[in-house]
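To start, the structure itself, in structure tokens.
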Amino acid sequence: MAAQAAAAAQAAAAQAAQAEAAESWYLALLGFAEHFRTSSPPKIRLCVHCLQAVFPFKPPQRIEARTHLQLGSVLYHHTKNSEQARSHLEKAWLISQQIPQFEDVKFEAASLLSELYCQENSVDAAKPLLRKAIQISQQTPYWHCRLLFQLAQLHTLEKDLVSACDLLGVGAEYARVVGSEYTRALFLLSKGMLLLMERKLQEVHPLLTLCGQIVENWQGNPIQKESLRVFFLVLQVTHYLDAGQVKSVKPCLKQLQQCIQTISTLHDDEILPSNPADLFHWLPKEHMCVLVYLVTVMHSMQAGYLEKAQKYTDKALMQLEKLKMLDCSPILSSFQVILLEHIIMCRLVTGHKATALQEISQVCQLCQQSPRLFSNHAAQLHTLLGLYCVSVNCMDNAEAQFTTALRLTNHQELWAFIVTNLASVYIREGNRHQEVLYSLLERINPDHSFPVSSHCLRAAAFYVRGLFSFFQGRYNEAKRFLRETLKMSNAEDLNRLTACSLVLLGHIFYVLGNHRESNNMVVPAMQLASKIPDMSVQLWSSALLRDLNKACGNAIDAHEAAQMHQNFSQQLLQDHIEACSLPEHNLITFQAQNGPNTSLASLL
């Protein structure tokens, strides 16, 4: 009996020594691998060799699965060897499912593997993998929530917003059950964002109201609370801007700007939340800061505060350049493209066509680096090219660009914006496109069944109808449409539309011989256009002031207006010549029929 006990003790000691030895060689290899990975520059090949050296030792399943995960992760993030990365991650996922209480390795393998499948365009392999991981992760709150977010994002990228919303709803209910009001709010706000994208406004309003209550009532990490408020306010501000309500949005926008200032003064709290389901951040502070600059630019652009838009664009782009040196997150490129899209429109209004054209070329180059970015912004790119073509009087090219943009978009507001601009091109062209023009004007008839809820776009549609009636010589009808534009644009501080309507009304009164009424329109149009500043309206207003003063016998005022008109003409002509002489001017013939690989280089 004593001999048996001694033998058993010796066997146990031998096993312990073997385990200790196994642990020491494993830790040594792991330490070397991590050293090489974190070297500057990283020595990835040596890191991979160290991890591969684990397998000849025939390690236990836990070590084997974790090493496959580590190898898969290193190869996925640091090399282009996706085949080997996939093989290691698949093994990690397979082995880890056989090991009890090994959740971190199991679900990280599933998460990374589905990411890799998506990168390889194997979305059909990623979905069932994520569904299975979600199904077996219900006892692990952090991973269950993270995998739900991941699958919802995958459906969103596929434009299957209904499935994405369903998953986010499931996540919100799960978060409520596990006592995480913070993550419940994240799920609900994400769902609200998708409902806004789908224009399901009747569902959005009660959801945002609920989110507001949850955010205000939640007591937790101050940075997490403020980041929820930023998310909530960004949705509110973009909702107002989508609806073209530039004046109504001001209180929300001011709150948002104050909120981001509060966040920038808070220090990151290193204390981890007690609830593992709370281990999420919506966006890093620096990204939120750029986003707030971005929505401020959007507001300034719509309101016609173009110098303010320029100021905030410069700040945001400077911040983006710093961030992109350290962070390759795709959202930064999206922010950059949207900022450029808005500042390009500003430049075209302020008479800086050459700069706008170079920035359009920059958008092209950014989109060529990412098929997804190109897919999301191709219609906007063609719209910008169309606006540039109008500004340099290349109307046939403008028509081609706007038509291509219409073909590429299913976004209702963008569609209405493009149709409004295309109609103005046909109006300027005279009788060449009468049938098409009548059809377009009927599609954006602001008096009945206007296709979108945007206040700004409906006001613009009234202006285009007024412009058409003016060119047709139907002046009373034109005045009715333009007064409607003025009423709507004054209600929401849409300064550019106000200036354009005033100067066109002034032109109509001048043609009708009512010089006093014409002057009452043109003088405030000129003042507002100078404040924006809108070069085309200033040119038009100064020409009318010259002719009005000449007709009224005011020689000095007529001479002053003529001098202003001459100065504006010279500035616009110089800019026109500079823009048309740039190699980027060839982009006016670009057609995105073959996706992001269409050669732009041949056009530059």
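The values are calculated or read from the model by the stated rules, or taken from the named source; none is laboratory data. This structure is a prediction, so every number in the text was calculated from the model and none was measured. Here the Cβ is made from the backbone with ideal geometry for all residues, glycine too, and neighbour counts use every protein chain on show. These accessible areas exclude ligands, DNA and RNA; they are computed on the full protein's heavy atoms, side chains included. Shrake-Rupley method; radii C 1.70, N 1.55, O 1.52, S 1.80 Å.
Within the range 200-209, being open to solvent by 60 Å² or more (accessible area, probe 1.4 Å) and touching a helix residue (DSSP H, G or I) at 6+ places or on another chain (Cβ under 8 Å) holds for one residue alone: Glu203.
Taking the criterion of being over 30 Å from Val537 (Cα atoms) and open to solvent by less than 30 Å² (accessible area, probe 1.4 Å), the only residue of the range 334-355 that qualifies is Phe335.
From the list Leu326, Leu357, Leu317, the one residue that fits, being over 27 Å from Tyr240 (Cα atoms), free of Cβ contacts under 8 Å to residues at least 24 places away in the same chain and not hydroxyl-bearing (Ser, Thr, Tyr), is Leu326. Every test in (1) hydrophobic (A, V, I, L, M, F, W, C); (2) surrounded by 20 or more Cβ atoms within 10 Å (Cβ to Cβ); (3) within 38 Å of the chain's Cα centre (by Cα); (4) at pLDDT 95 or above is passed by Leu545 save one, and that test is (3). Yes or no: Leu279 within 30 Å of Lys159 (Cα to Cα), open to solvent by 60 Å² or more (accessible area, probe 1.4 Å) and either in contact with a Ser or Thr (Cβ under 6 Å, 6 or more places away or on another chain) or of a type outside the set (S, T, N, Q) (or both)? Taking the combined requirement at face value, the residue satisfies it. Just one of the listed residues (Thr209, Thr183) is part of a helix (DSSP H, G or I) and in contact with a Cys (Cβ under 7 Å, 6 or more places away or on another chain), namely Thr183.
Rundown of residues vs (1) open to solvent by 50 Å² or more (accessible area, probe 1.4 Å); (2) modelled with pLDDT of 95 or more; (3) aliphatic (A, V, I, L, M), yes/no style:
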position	(1), (2), (3)
Arg146	yes, yes, no
Lys159	yes, no, no
Ala164	no, yes, yes
Val177	yes, yes, yes
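Checked against (1) open to solvent by 40 Å² or more (accessible area, probe 1.4 Å); (2) in contact (Cβ under 8 Å) with a residue 24 or more places away in the chain; (3) over 24 Å from Asp447 (Cβ atoms), Asn514 meets all criteria but (2). Could you tell me whether Leu266 is of a type in the set (A, V, I, L, M, F, W, C), touching a residue at least 12 places away in the same chain (Cβ under 8 Å) and surrounded by fewer than 16 Cβ atoms within 10 Å (Cβ to Cβ)? So Leu266 fits the description; yes.
Considering the range 243-263, and only residues there that are touching a Leu at 6+ places or on another chain (Cβ under 9 Å) and open to solvent by 60 Å² or more (accessible area, probe 1.4 Å), the residue that is farthest from Ala459 (Cα to Cα) turns out to be Gln255. Filter the range 315-356 for residues that are in a helix (DSSP H, G or I) and of a type in the set (Gly, Ala, Ser) and give the result. Correct list: Ala316, Ser333, Ser334, Ala354, Ala356. Taking the stated definitions as given, is Met488 within 30 Å of Val249 (Cβ to Cβ), under 33 Å from the mean Cα position of the chain (by Cα), open to solvent by less than 50 Å² (accessible area, probe 1.4 Å) and not acidic (Asp, Glu)? So Met488 fits the description; yes. Could you grab the pairs with beta carbons closer than 6 Å, sequence gap of 6+ or different chains, first residue in the range 34-61 and closer than 28 Å to Gln101 by Cα, second one open to solvent by 30 Å² or more (accessible area, probe 1.4 Å) and modelled with pLDDT of 90 or more? Cβ pairs passing all conditions: Leu51/Gln70. Candidates Gln139, Gln150: the one that is polar (S, T, N, Q) and either touching a residue at least 60 places away in the same chain (Cβ under 8 Å) or open to solvent by 40 Å² or more (accessible area, probe 1.4 Å) (or both) is Gln139. Restricted to the range 282-333, and to residues there that are polar (S, T, N, Q) and open to solvent by less than 10 Å² (accessible area, probe 1.4 Å), the residue that is farthest from Asn495 (Cα to Cα) is Thr313. Looking only at residues in the range 434-454 that are free of Cβ contacts under 8 Å to residues at least 24 places away in the same chain and in a helix (DSSP H, G or I), the one that is most open to solvent (accessible area, probe 1.4 Å) is Glu435. Scan the range 46-82 for residues that are under 37 Å from the mean Cα position of the chain (by Cα), surrounded by fewer than 19 Cβ atoms within 10 Å (Cβ to Cβ) and not hydroxyl-bearing (Ser, Thr, Tyr) and the total you get is 4.
Cβ contacts < 7 Å: first residue closer than 11 Å to Tyr117 by Cα, restricted to the range 78-90; second residue outside any helix (DSSP H, G or I) and at pLDDT below 95, any location; separation 6+ or different chain. Result? What qualifies is Ser82/Glu120.
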